[in-house]
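The structure appears below as structure tokens.
No lab work stands behind these numbers, since they all come straight from the coordinates. Remember, predicted model here, so these are calculated numbers, not experimental data. Using ideal geometry, Cβ is built from the backbone for each residue, glycine included, and neighbour counts are taken over all protein chains shown.
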Amino acid sequence: MTTMTGPTPVTGSVGTAHTRVEGREKVTGAARYAGDIPYAELAHGWLVLSTIARGRIRSVEADPVLAMPGVLAVLHHGNAPRVNADYTGLLGRPDPTVAVFQHDRVPFAGWPVALVVAETSEQAREAADALVVRYDEEPHDVAFFAGHPGSYTPENGRAQPETSKGDIEAELAASAVVVDAEYTTPQEHHSALEPHAAMARWDSGRLEVVDSNQGSTWVAEELAKLFSLDPSSVRVRSEHVGGAFGSKGVRPHQVLAVMATTVLHRPVRVVLTRRQLFSLVGYRSPTAQRVRLGADADGRLRALDHEALSLTSKVYEFLEPSAAVGRVMYDADAHHTVNRVVALDVPTPTWMRAPGAAPGSFALECALDELAEKCGMDPIALRARNEPNAGPVSGAPFSSRNVLACFQEGARRFGWADRDPRPGLRREGRWLLGTGTAAATHPSGVAPSTASVTAECDGTFTVRITAADIGTGARTALTLIAAEALEVEPERVRVRIADSDFGPAMVAGGSMGTRSWAWAVTSAVRELRERLVPGGGIPPEGITARSNTTEAVGALPMLERHSFGAQFAEVAVDETTGEVRVRRMLGIFAAGRIVNPLTARSQLVGGMIWGLSMALHEEAVRDQASGALVGADLAGYHFAANADVPLVEADWVDDPDEEDPVGGIKGIGEVSIVGAAAAIANAVWHATGVRHRHLPIRPDRVLLAGAATA
Ligand code: MOS
């Protein structure tokens with residue numbers, strides 16, 4: 001097990017397992033989510049989505065619907081309030097995906113074309129179902145495949161689409177061993193347990209939005225820009241969030257709630273349905289990837305070439321950076337990575353847990369396994385031989401890189417030493433058995449945040465920060481962090497989050513939340529402690545200190561800062577049905593200082609289960625004729641359920657960073673999905689002797705491929 005690094009914790013503080021501070025509220029149903037909160041005069045909006053994939057809206061036949069019971073309004077492009085069309089989103093360019101009802105064009109199936117507002121949600125739904133919308137349909141292109149003629153490399157921006165050093169072809173030609181393989185991953189969806197919901201109302205000249213999001217200042221700032229409002233006149237809150245995974249940013253439902261409350265002068269709530277999530281809140285693009293590895297006979301990499309193609313919509317360019325994972329993991333004399341996209345008549349994809357790294361690691365870590373096989377090497381030994389001293393592309397040192405410690409500890413606990421590397425040897429009745437491994441990595445960045453801490457006159461402390469607890473346990477983690485910094489028991493600390501009035505802070509995303517917020521909170525505590533006089537009194541309003549980490553973040557040295565891990569899986573493959581069962585999974589991670597072992601383990605196990613789901617089950621299929629998804633609901637979109645999930649163990653090794661101004665806290669939200677699907681695919685090869693390079697590894701694919709040893 002883990003030993004703590006850093007200062008000795010106060011009992012019950014950082015490093016000690018702590019149940020969620022809001023746990024009782026959640027399990028008793030007292031915790032209210034954005035869709036639950038009652039308001040006087042609340043009206044309900046129900047979205048109507050396009051049924052065609054490309055064309056124009058000819059007419060929205062609102063009159064019959066306006067005569068239906070309870071209906072208050074039908075908003076659409078012909079009557080909705082105008083918004084700032086030059087709206088600039090988080091990435092510094094306009095996002096037409098949320099500038100809805102501004103024109104008659106339909107860019108994809110499932111585009112918002114009308115909002116029916118009624119006294120009750122049932123009335124709104126019935127009227128929305130009855131609304132007739134007529135279209136002028138145009139031909140669409142929704143076909144995604146490797147080598148699509150519309151593929152292009154995006155302009156170099158923050159996402160750095162392409163990196164290159166050395167001569168790939170020359171090094172491949174000089175290599176004793178070469179792997180050249182193509183991998184694909186399908187479109188995948190993060191359909192959070194709690195669907196998106198937002199209530200908007202005007203209150204004493206201020207716009208108030210109660211939402212379910214990953215960052216309330218983010219949503220507030222963007223709504224202010226979109227509606228040309230003074231930022232101080234917009235307040236967004238998001239107390240409890242039932243899952244997000246990258247999907248809960250600025251979405252059409254908040255924008256439409258604001259439009260409707262502006263028109264109707266009463267509070268309006270818009271709740272998305274499960275089916276609507278499939279086109280309105282983003283998803284993970286399918287990928288087509290080619291990995292070429294060239295190595296000396298001893299496994300040392302001479303060439304690493306990773307090309308990845310993903311799709312984007314025609315309204316907004318989103319890049320799934322699958323090829324980026326090799327920029328951190330492995331060096332080679334010649335090293336080339338490129339992320340390309342093709343724009344289709346499909347909804348805009350977005351960040352989904354470990355963007356790029358999740359599908360990218362499937363390709364790269366499977367290719368490494370293929371290289372190990374060709375070199376006659378153990379896959380862990382191959383990775384050890386290629387362990388870089390510095391960032392393969394950046395040349396910057398790693399803040400800490402304990403990936404080999406993860407493999408060593410994982411191999412010991414998994415029983416890797418007993419493994420016969422030859423495939424197809426283990427059998428149990430009709431089941432073929434195999435084991436596989438893969439590396440995991442995810443960036444662990446930090447972003448500017450503000451926080452305040454108040455010493456109350458009753459001896460307690462109140463922390464205020466616009467963090468979001470999207471189910472991760474962030475509120476609890478920040479309670480422990482503040483308690484440690486204050487040197488008090490966590491019971492004396494109250495953490496209030498997710499209110500844009502608390503000031504700007506990093507969103508709950510990119511595995512950057514806890515690290516970014518912890519820095520702001522501990523900075524505010526340091527400031528407060530300087531102002532507290534021993535034995536001095538505290539006035540009734542308390543004493544408040546504030547922090548802003550913008551300068552400190554800017555002054556950080558340039559380091560490769562990542563969480564790492566090693567994934568292990570054992571599978572059983574039924575050679576008569578093609579079914580793959582995962583028998584056990586083990587993930588050992590090096591993820592800095594672990595703040596709350598209880599919720600950290602839960603989050604790591606959750607990511608690994610998602611990796612299992614990605615390996616074997618998840619796949620959204622688009623119908624080429626209609627341009628819409630087939631089975632866009634949780635009956636048609638198959639994902640791992642309890643019966644699919646075996647014993648999953650997650651743990652960590654020490655990963656100290658004495659130099660780190662944030663006490664060595666890294667991100668743990670995403671690293672555990674990375675490599676998990678590859679470990680399973682590698683185990684399926686070990687069981688059957690057949691490489692499966694296309695996810696998910698469905699029974700029909702297993703049967704068609706056969707087993708090399710059958
Ligand atoms: Mo996440 S995909 O970093 O919200």
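Scalar couplings 3J(HN,Hα) for region 488-501, obtained by applying the Karplus form with A = 6.51, B = -1.76, C = 1.60 to θ = phi - 60°, are 10, 5, x, 5, 8, 10, 10, 10, 10, 10, 6, 9, 4, 5 Hz; x denotes Gly and Pro. Return the whole-Å distance between the Cα centroid of region 316-384 and the Cα centroid of region 446-463. A separation of 41 Å, based on Cα centres.
Rounded to the nearest 5, the antiparallel percentage of DSSP beta bridges internal to the chain is 75%. If you wrap the tightest convex hull around every Cα atom of region 403-463 and split its volume per residue, you get 226 Å³. Note on the chain: Cα convex hull, mean projected area over all directions, 31.2 nm². Taking amide H atoms as placed 1.01 Å from N in the peptide plane, the amide H of ALA334 lies under 5 Å from those of ALA303, LEU304, each 5 or more residues away in sequence or on another chain. Let me make sure I get this right: for region 96-185, a, b and c are the square roots of the gyration tensor eigenvalues over alpha carbons, sorted descending. Under 1.5 in a/c it's rounded, otherwise prolate if a/b > b/c, else oblate. Which is it? Judged from the Cα gyration tensor, region 96-185 comes out prolate (a/c at least 1.5, a/b above b/c).
For SER50, the residues whose amide H sits under 5 Å from its own are GLY110, TRP111, VAL113, ignoring neighbours fewer than 5 places away on the same chain, with H placed 1.01 Å from N. Averaging 1/r over each pair of different alpha-carbon atoms in region 370-409 and inverting the result gives 11.4 Å, the Kirkwood hydrodynamic radius. The share of alpha-carbon pairs in region 411-564 lying farther apart than 26 Å comes to 44%.
Net charge dipole, the chain: roughly 440 debye, given to the nearest 20, about the Cα centre with Cβ charges of +1 for Lys and Arg and -1 for Asp and Glu. Among CYS375, CYS457, a tally of other beta-carbon atoms within 10 Å of each Cβ gives an order, fewest to most, of CYS457, CYS375.
In this simple spin-label approximation, LEU90 and ASP136 carry label points 7 Å from Cα along the Cα→Cβ vector, and these lie 3.7 nm apart. Shown in residue order for region 446-451 are the 3J(HN,Hα) couplings computed by the Karplus curve 6.51 cos²θ - 1.76 cosθ + 1.60 at θ = phi - 60°: 8, 9, x, 8, 10, 8 Hz (x for Gly and Pro).
Stretched out straight at 0.36 nm per residue, the stretch from MET68 to ASN389 would grow longer than its current Cα-Cα span by 108.7 nm.
With both residues required to sit in region 268-390, DSSP beta bridges show an antiparallel share near 45%.
A dipole drawn for the chain from +1 and -1 charges on Cβ atoms has a positive end, and of ILE538, VAL177, VAL106 the residue lying farthest that way is ILE538.
Within region 460-499, none of the trypsin sites (Lys or Arg not before Pro) combine a DSSP coil assignment with at most 13 other C-beta atoms in a 10 angstrom radius.
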